[in-house]
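Some notes on the structure that comes next.
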Amino acid sequence: MRADTSINDTSNWIKKAVTKQQIDPLCNLYNITPLLASIFVRRGITEGRDLLYYLEDDLRFQHNPFCFNEMEDAVERILQAKEEGEKVLIFGDSDVDGITSTAILYEQLVRMGIDVQWRLPLDDDGYGLNLEAIDDFAAQDGTLIITVDCGISNNDEIAHANELGIEVIITDHHNPPENLPEAIIIIDPKLEDSGYPFDGISGAAVAYKLVSALRFADSDFYGAEICILELTENAEEKCFYADCVKIKNLVKVKELHEKIFPGKTSIYDLKLPYFLQGQLIYSWDSRYTQTILTELFGHGIEFNLNDLRNEISNIIPSVRNKTAAQIKALSQIAKFSGEKASELESIFNLYVTYCKKLVSQKKPQQIADEQKDLQLVALAALADIMPMKDENRIFVKNGISSIKKNRPRAGLAELFNKLNLNLDALTSTDLSWTVIPALNAAGRMGKSDLSLKLLLSENPREREQLANSIYDLNEERKELVSTAYFKVHDTAQQSLSVHANKLCVFVDQCINKGVTGIVAARIMQDFNVPTIAVSYENQVYTGSMRSCRGFIATDFLDSLGDIFINHGGHNFAAGFSFYEENLELFLNKIKDAVPQINLEDECHDIFVDAEIPPEHLTPENFGLIDTFEPCGAESPELILMTRSIKLIDTIVLGRKEPHHLKLVFDTGKYKIPAIFWGQAERLKKDISIGKNYDILYNMSRNYFNGTVTKQLIIKDMILSN
């Protein structure tokens with residue numbers, strides 16, 4: 001153990017050992033440096049399917065929306081609404097995820113010419129779809145409601161809609177309850193049978209998937225089914241492998257893999273002819289495949305094969321003379337699939353790329369619309385603290401890239417200007433700490449419609465006025481949080497002993513119900529236990545739970561029984577409300593549940609991603625941060641270590657309150673500046689010019705007056721031995 005004033009009072013710096021045998025395969029296969037490979041190994045990121053999302057950013061690597069089992073049904077129902085001139089209501093949530101979800105879907109339905117309107121919870125409205133919204137929509141003869149970022153726990157409300165003859169499509173990403181609502185279609189990646197390969201996407205990403213599917217439905221490939229057949233010879237077994245895949249909406253629906261032994265296997269012993277019956281059949285090299293089939297089964301069996309290579313090479317000329325084996329060797333996806341990759345898989349992926357290229361050539365406006373959507377999907381992923389892995393990394397990378405290259409979309413541009421953001425220097429951290437709190441402020445203050453109108457308005461002057469209003473609401477929100485935090489802090493601390501130091505629970509009318517989540521999060525960070533903050537207004541208690549140390553918030557709320565008006569959320573962030581007569585019951589149930597609460601042990605260890613010797617602390621190595629940006633949940637900023645580096649200068653920073661240190665270290669060849677936040681008091685105590693230190697730090701870039709300076713953000717430093 002050792003003293004550590006910047007991270008923990010007692011913490012260990014731990015750098016896991018890695019071996020050459022672990023690092024070399026990653027370097028060779030993915031053409032990365034040993035330093036980068038060692039970081040991946042220490043973080044447990046060694047599988048190709050995981051590395052892909054750090055090393056690539058092409059949208060081709062996102063998952064197909066039709067992986068959702070019910071996506072085609074949703075598309076068909078919306079197309080039906082268009083054809084029959086139905087009124088459609090999009091109902092979203094009041095936070096950033098809900099606002100962006102609503103904007104993404106609303107804009108697409110407007111482009112399609114659908115009679116669509118939107119609605120969000122305002123003022124005293126609770127979470128999720130409400131009865132008043134349903135009744136108002138029914139009075140307009142509305143027939144279809146689509147929820148975004150909500151709906152999965154609105155059983156009673158959806159039952160009411162059904163009674164009124166209104167059908168409901170749920171698109172959500174929250175944890176589903178045991179009994180699902182009786183909606184006609186539910187698209188939620190957290191459903192066990194959703195079919196979607198990644199359950200960690202935001203509500204806006206789910207809405208974006210629905211929009212992507214609707215765009216695809218406007219192409220010649222929608223609903224089309226084809227079958228790809230490939231034959232490969234296995235000399236050792238003296239047989240041929242017949243590999244087939246059926247494809248619909250660019251998703252594999254069925255596969256068949258059989259061995260055929262020349263002279264021994266009869267066509268009638270195989271499943272192959274039944275699999276191919278009635279299908280439009282493609283082969284990469286149809287002439288070669290037909291020759292092999294004739295050799296195997298004679299001229300009496302006829303396969304009508306289409307040549308896929310010839311068709312694809314019209315759009316992707318580089319593949320014109322390539323064999324199936326060469327296509328596999330060139331495939332980026334195959335590289336990340338490892339031993340699972342096959343020639344058929346590589347051809348399938350190439351076919352998907354071909355179709356997407358063809359669609360984008362015919363409909364270039366869809367590409368521009370997609371870029372606008374991705375800016376919002378990126379915000380939602382960060383706002384809802386989605387795990388920064390898998391396709392979330394693709395979303396955020398492309399969203400930030402679009403903001404920088406294409407400029408912010410209407411609405412965001414005005415807000416960015418008001419917040420005085422430097423677009424060239426924009427990172428996921430900037431979005432998380434500036435833009436997202438501002439957009440969220442409107443919803444927290446009961447005026448979520450302002451943020452949505454900002455994103456949807458076509459009037460530049462109106463957008464500027466809305467940006468100003470949102471900015472002011474955010475300042476008001478900051479004051480409310482600060483006041484509530486200081487008022488409830490002591491009460492929260494006292495509640496620890498009542499709940500066996502496993503839980504913080506506090507109820508106070510002074511907490512604005514819109515900021516219970518922020519206050520709960522702050523208290524949780526102070527005491528490192530799950531925290532419940534509850535406010536009171538108009539005979540209803542409204543609360544938020546923020547959890548940690550492996551304790552699942554939604555499971556805990558479920559265990560309290562049927563006392564809520566509504567409740568739901570994520571593993572570590574949930575919300576609820578109940579009537580005032582249930583307060584004592586609520587508090588007693590929590591006390592009774594305390595003995596069953598099991599929290600993971602607190603960990604004060606600091607895991608170091610890599611050690612960089614002073615002479616290797618070069619400007620070039622700062623490129624490491626680009627590989628790991630965007631940072632966020634489950635993918636934190638790199639923590640690096642350098643031993644025995646010389647401190648050659650110090651300056652105290654802060655005009656009104658000089659609390660911070662600017663340091664300069666000498667690497668031998670370079671002078672590296674660094675910032676040590678809040679540690680000015682250590683100057684001349686245990687930090688002195690001319691001495692050598694072991695330092696723990698993040699790499700960063702400082703943008704000022706058009707100049708980019710590479711610098712370190714010190715997490716801790718101690719005198720070298």
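Residue count for the stretch 669-684 satisfying the condition of being hydrophobic (A, V, I, L, M, F, W, C) and assigned to a loop (DSSP other than H, G, I, E, B): 1. Looking at this structure, is residue 672 β-branched (Val, Ile, Thr), open to solvent by less than 30 Å² (accessible area, probe 1.4 Å) and over 40 Å from the mean Cα position of the chain (by Cα)? The answer is no for residue 672.
For the stretch 582-638, the set of residues classified as under 30 Å from residue 693 (Cα atoms), among the polar types (S, T, N, Q) and outside any helix (DSSP H, G or I) consists of 618, 635, listed by residue number.
Quick grid of which residues meet (1) touching a residue at least 12 places away in the same chain (Cβ under 8 Å); (2) assigned to a helix (DSSP H, G or I); (3) surrounded by fewer than 18 Cβ atoms within 10 Å (Cβ to Cβ):
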| residue | (1), (2), (3) |
| --- | --- |
| 76 | no, yes, yes |
| 85 | yes, no, yes |
| 88 | yes, no, no |
| 93 | yes, no, no |
| 100 | yes, yes, no |
| 116 | yes, no, no |
| 123 | yes, no, yes |
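Does residue 384 fit the bill of being charged (D, E, K, R), under 29 Å from residue 59 (Cβ atoms) and crowded, with 24+ Cβ neighbours inside 10 Å? Taking the combined requirement at face value, the residue satisfies it. Residue-level analysis places residue 371 outside the set of residues that are farther than 21 Å from residue 210 by Cβ, out of contact with any strand residue (DSSP E or B) (no Cβ under 7 Å at 6 or more places or on another chain) and either assigned to a helix (DSSP H, G or I) or free of Cβ contacts under 8 Å to residues at least 24 places away in the same chain (or both).
Only residues that are in a strand (DSSP E or B), of a type outside the set (Lys, Arg) and open to solvent by 40 Å² or more (accessible area, probe 1.4 Å): list them for the stretch 535-569, please. Give the derivation first.
First, pick out the residues of the stretch 535-569 that are in a strand (DSSP E or B): 535-537, 540-546, 566-569.
Checking which are of a type outside the set (Lys, Arg) leaves us with 535-537, 540-545, 566-569.
Once the filter is applied, which keeps residues that are in a strand (DSSP E or B), of a type outside the set (Lys, Arg) and open to solvent by 40 Å² or more (accessible area, probe 1.4 Å), the stretch 535-569 yields 536, 537, 567.
The single condition from (1) assigned to a helix (DSSP H, G or I); (2) in contact with a strand residue (DSSP E or B) (Cβ under 6 Å, 6 or more places away or on another chain); (3) more than 22 Å from residue 384 (Cα to Cα); (4) of a type in the set (A, V, I, L, M) that residue 524 fails is (3).
Taken as a whole, the structure places residue 532 among residues that are crowded, with 20+ Cβ neighbours inside 10 Å and modelled with pLDDT of 95 or more. For the residues 575, 632, the requirement of being open to solvent by 20 Å² or more (accessible area, probe 1.4 Å) and touching a strand residue (DSSP E or B) at 6+ places or on another chain (Cβ under 9 Å) singles out 575. Mind listing whichever residues of the stretch 283-302 are outside any helix (DSSP H, G or I) and without any contact (Cβ under 8 Å) to a residue 60 or more places away in the chain? Correct list: 283, 285, 298, 299, 300, 301, 302.
So how many residues does the stretch 195-243 have that are of a type in the set (Asp, Glu) and over 21 Å from residue 351 (Cα atoms)? Step through it out loud before you land on a result.
Here is the first cut: in the stretch 195-243, the residues of a type in the set (Asp, Glu) are 199, 218, 220, 225, 230, 233, 236-237, 243.
Those still in the list that are over 21 Å from residue 351 (Cα atoms) too: 199, 233, 236-237.
Of the residues in the stretch 195-243, 4 are of a type in the set (Asp, Glu) and over 21 Å from residue 351 (Cα atoms).
Do we find that residue 24 is open to solvent by 70 Å² or more (accessible area, probe 1.4 Å) and at negative phi in this structure?
Judged against the criteria, residue 24 is not a match.
It is to be established whether one or more residues within the stretch 153-169 are open to solvent by less than 10 Å² (accessible area, probe 1.4 Å), part of a helix (DSSP H, G or I) and touching an Asp or Glu at 6+ places or on another chain (Cβ under 8 Å). Taking every residue of the stretch 153-169 in turn, at least one turns out to be open to solvent by less than 10 Å² (accessible area, probe 1.4 Å), part of a helix (DSSP H, G or I) and touching an Asp or Glu at 6+ places or on another chain (Cβ under 8 Å).
In the list 268, 241, which residue meets the criterion of being open to solvent by 20 Å² or more (accessible area, probe 1.4 Å), touching a strand residue (DSSP E or B) at 6+ places or on another chain (Cβ under 6 Å), over 30 Å from residue 75 (Cβ atoms) and without any contact (Cβ under 8 Å) to a residue 40 or more places away in the chain? Being open to solvent by 20 Å² or more (accessible area, probe 1.4 Å), touching a strand residue (DSSP E or B) at 6+ places or on another chain (Cβ under 6 Å), over 30 Å from residue 75 (Cβ atoms) and without any contact (Cβ under 8 Å) to a residue 40 or more places away in the chain holds for just one of 268, 241, which is 241. The set of residues in the stretch 424-461 that are out of contact with any Cys (no Cβ under 9 Å at 6 or more places or on another chain), in contact (Cβ under 8 Å) with a residue 40 or more places away in the chain and part of a loop (DSSP other than H, G, I, E, B) comprises 445, 446, 447, 457, 458. For the stretch 653-668, a tally of residues being within 25 Å of residue 622 (Cα to Cα) and either within 40 Å of the chain's Cα centre (by Cα) or not in a loop (DSSP other than H, G, I, E, B) (or both) returns 9. Does the stretch 132-145 contain any residue that is under 30 Å from residue 368 (Cα atoms) and surrounded by 22 or more Cβ atoms within 10 Å (Cβ to Cβ)? Yes, because at least one residue in the stretch 132-145 is under 30 Å from residue 368 (Cα atoms) and surrounded by 22 or more Cβ atoms within 10 Å (Cβ to Cβ).
Just a yes or no: is a residue in the stretch 685-693 part of a strand (DSSP E or B) and under 25 Å from residue 636 (Cβ atoms)? So that I can check it myself, show each step before the final result.
Taking the stretch 685-693 and keeping what is part of a strand (DSSP E or B), we get 687, 692-693.
This time we only want the ones that are under 25 Å from residue 636 (Cβ atoms), so: 693.
Yes, the stretch 685-693 contains at least one residue that is part of a strand (DSSP E or B) and under 25 Å from residue 636 (Cβ atoms).
Put simply, of 342, 283, 346, 266 the only residue that is farther than 21 Å from residue 251 by Cα and in contact with a helix residue (DSSP H, G or I) (Cβ under 9 Å, 6 or more places away or on another chain) is 266.
Taking residue 515 as the residue in question, decide whether it is open to solvent by 10 Å² or more (accessible area, probe 1.4 Å), of a type outside the set (Ser, Thr, Tyr) and in contact (Cβ under 8 Å) with a residue 12 or more places away in the chain.
Values: open to solvent by 10 Å² or more (accessible area, probe 1.4 Å): no; of a type outside the set (Ser, Thr, Tyr): yes; in contact (Cβ under 8 Å) with a residue 12 or more places away in the chain: yes.
Against the criterion (open to solvent by 10 Å² or more (accessible area, probe 1.4 Å), of a type outside the set (Ser, Thr, Tyr) and in contact (Cβ under 8 Å) with a residue 12 or more places away in the chain), residue 515 does not qualify.
For the stretch 405-422, indicate whether the set of residues that are outside any helix (DSSP H, G or I), basic (Lys, Arg) and open to solvent by 20 Å² or more (accessible area, probe 1.4 Å) is non-empty.
Looking only at the stretch 405-422, we keep the residues that are outside any helix (DSSP H, G or I), and these are 407-411, 420-422.
Keeping just the survivors that are basic (Lys, Arg) gives 407, 409.
Retained after the next criterion (residues that are open to solvent by 20 Å² or more (accessible area, probe 1.4 Å)): 407.
Scanning the stretch 405-422 turns up at least one residue that is outside any helix (DSSP H, G or I), basic (Lys, Arg) and open to solvent by 20 Å² or more (accessible area, probe 1.4 Å).
The values are calculated or read from the model by the stated rules, or taken from the named source; none is laboratory data. Here the structure is a predicted model, which is why all the values come from computation and not from measurement. A quick note on method: Cβ atoms are made from the backbone with ideal geometry, for glycine too, and the neighbour counts reach across all protein chains shown. Accessible surface areas use protein heavy atoms only, side chains included; no ligands, DNA or RNA. Shrake-Rupley method; radii C 1.70, N 1.55, O 1.52, S 1.80 Å.
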